[in-house]
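Please see the structure below; I have some questions.
The values are calculated or read from the model by the stated rules, or taken from the named source; none is laboratory data. Computed from a predicted model, the values in this text were never measured in an experiment. Cβ placement follows ideal geometry from the backbone for every residue including glycine, while neighbour counts extend to all protein chains displayed. To get the accessible areas, we keep the full protein, side chains included, count just its heavy atoms, and leave off ligands, DNA and RNA. Shrake-Rupley method; radii C 1.70, N 1.55, O 1.52, S 1.80 Å.
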Amino acid sequence: MLESSGVPDVFDPRIYATGIPHDRFRALRDRAPVAWQEEAGVLGWPAGSGFWAVTRHADVVRVLKDSRAYSSCLGATQIRDPDPADLPFIRRMMLNQDPPEHGRVRRLVSRAFTPGRIERFGATARERARQLLAGAIDAGGDVDLVRAVTDDYALLNLTDLLGVPPSDRGLLHTWTERVIAYQDPDEPPVLDAEGRPVNPRSPAMLAEMFGYAQELAAHKREHPADDVMSVLAISELADAELEMFFFLLTVAGNDTVRSAAPGGLLALAEHPDEQRRLWSGEVDIDTAVDELLRVHPPVLSFRRTAAIDTELAGQSIRRGDKVVVFHASANHDERVFPDPHRLDLGRTPNPHVSFGDGPHVCLGAHFARLQLRVLHEEVRRACPGGLELAGPPRRLVSNFINGIKSLPVRLREPSAPRA
């Protein structure tokens, strides 16, 4: 559990294959809320320079809100340093920008995410959830909800919102896997001529996706529809900005719900009393969704880089140091959440940071919450007898995405007894 320095390691992606390391995070929150972490070489990736791990809720919020001191642009937002030659390219993405440039791009793209447009997709999402759940139930017995329901639910909802033709939806899945699962041994890395893994966010790895984004935008200019790409195609975004935003939507827009949906269902299966409260209507569905997001945040961590010499929780931080906030730890901070390891679907207030905070708070949070609300309503309708685990879940090996690769469950009929 401990590095040579005596500080719990929360960097190694393999730790997260068995779940959020709550014991390590609590030790850090209690003893070293801003703690130096070594960045060892692991899974074929070279060692890095190390970083400050920020684990308390108040400090995480401070970092996320203070873009003057903690920059998204200087070193981008992944723990591993990108190739310096790739940094100008990576900084084209809104996620890796600071104000005022970040605000300019965000204002342009937010025009495509009107409440009316998002709500209109609610009916489509509901019908899709019903169809996927019906197929899972028809299969009978035990079912892997990730394979049967949640992966397709997240991907197809996103492609509808973007306006991607059905024939091209497999491309988005492939691109997402390449970027999100690059630390997982089940997703073999792409190697360069020297046998070193290639950053999945490098220009070479994204060329195919960017070419597709331009083709889709050109098609939408000729054949506009009620979708996000139709709006972005005629916006003031430069070509490079359009490409990067398509990348951001494809990856973040898909994987947020793709991770949160099975994570929430796993929490319900592990807590049958809370599941019954939701099934009976005792708790509000929106309140329940936020609690499920708190206990299973889709994103585990985000990086910033200190733009100035500063201090955080009494720890001196030098300009250029990497500073990594851990959402999963902040969401379980005893200083903010009473009894944080207890699932309470009626918990309020619930200031979780699963969608971030500050200028980079998730642009698609409303769309994500809508999808999760609809899915949980439809699971409750389709499985009135509830759901229970039929085997251990398999988790993504990643220190970035809190992913679940497999979730075996038993969907019970109303009269079926619990096992």
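I need the full set of residues from the stretch 365-419 which are within 19 Å of L293 (Cβ to Cβ), modelled with pLDDT under 95 and β-branched (V, I, T), in order please.
Within the stretch 365-419, just I401 meets the criteria.
Among (1) surrounded by fewer than 22 Cβ atoms within 10 Å (Cβ to Cβ); (2) farther than 21 Å from N96 by Cα, there is one condition A240 misses while meeting the rest; what is its number?
(2)
Would you list the strands (runs of 3 or more DSSP E) that sit entirely within the stretch 301-391 and hold 2 or more residues that are of a type in the set (D, E, K, R) and touching a residue at least 40 places away in the same chain (Cβ under 8 Å)?
Answer list for the stretch 301-391: 301-306.
Related question: Quick one: in the stretch 363-385, which of the residues that are in contact with a strand residue (DSSP E or B) (Cβ under 9 Å, 6 or more places away or on another chain) and buried (at least 19 other Cβ atoms within 10 Å of the Cβ) is nearest to T55 (Cα to Cα)?
V379
Tell me which residues, restricted to the stretch 50-63, are in a helix (DSSP H, G or I) and open to solvent by 10 Å² or more (accessible area, probe 1.4 Å).
H57, A58, D59, V61, R62
Does L161 satisfy the criteria of being surrounded by 22 or more Cβ atoms within 10 Å (Cβ to Cβ), in a helix (DSSP H, G or I), over 16 Å from the mean Cα position of the chain (by Cα) and modelled with pLDDT under 90?
yes
Would you point out which residue out of G48, G19 is more than 26 Å from H296 (Cα to Cα) and not charged (D, E, K, R)?
G48
Restricting attention to the stretch 393-405, does a residue exist that is among the basic types (K, R), surrounded by 15 or more Cβ atoms within 10 Å (Cβ to Cβ) and over 18 Å from the mean Cα position of the chain (by Cα)? Break it down into steps so the answer makes sense when it comes.
Filtering the stretch 393-405 for residues among the basic types (K, R) gives 394-395, 405.
Within this subset, residues satisfying the condition of being surrounded by 15 or more Cβ atoms within 10 Å (Cβ to Cβ) are 394-395, 405.
Those left that are additionally over 18 Å from the mean Cα position of the chain (by Cα): none.
Within the stretch 393-405, not a single residue is among the basic types (K, R), surrounded by 15 or more Cβ atoms within 10 Å (Cβ to Cβ) and over 18 Å from the mean Cα position of the chain (by Cα).
For the stretch 285-307, give me each residue that is out of contact with any Ser or Thr (no Cβ under 9 Å at 6 or more places or on another chain) and surrounded by fewer than 20 Cβ atoms within 10 Å (Cβ to Cβ).
If the condition is that a residue be out of contact with any Ser or Thr (no Cβ under 9 Å at 6 or more places or on another chain) and surrounded by fewer than 20 Cβ atoms within 10 Å (Cβ to Cβ), then I285, D286 are the ones that fit.
Filter the stretch 202-230 down to residues that are open to solvent by less than 40 Å² (accessible area, probe 1.4 Å) and touching a residue at least 60 places away in the same chain (Cβ under 8 Å) and give me whichever is farthest from E101 (Cα to Cα).
Initial filter on the stretch 202-230 (open to solvent by less than 40 Å² (accessible area, probe 1.4 Å)): 202, 205-206, 209-213, 216-217, 220, 227-230.
From what is left, the residues that are touching a residue at least 60 places away in the same chain (Cβ under 8 Å) are 202, 227-230.
Values: S202: 22, D227: 25, V228: 21, M229: 21, S230: 23 Å.
The selected residue is D227.
Counting just the residues of the stretch 82-108 that are open to solvent by 40 Å² or more (accessible area, probe 1.4 Å) and touching a residue at least 60 places away in the same chain (Cβ under 8 Å), which one comes out nearest to W45 (Cα to Cα)?
Among those residues, the one meeting the criterion is D83.
Report whether or not V257 is more than 30 Å from E101 (Cα to Cα), out of contact with any strand residue (DSSP E or B) (no Cβ under 7 Å at 6 or more places or on another chain) and either β-branched (V, I, T) or not in a helix (DSSP H, G or I) (or both).
Judged against the criteria, V257 is not a match.
Out of V336, V324, which single residue is under 27 Å from P21 (Cα atoms), open to solvent by 10 Å² or more (accessible area, probe 1.4 Å) and at pLDDT 95 or above?
Every option except V336 fails the conditions.
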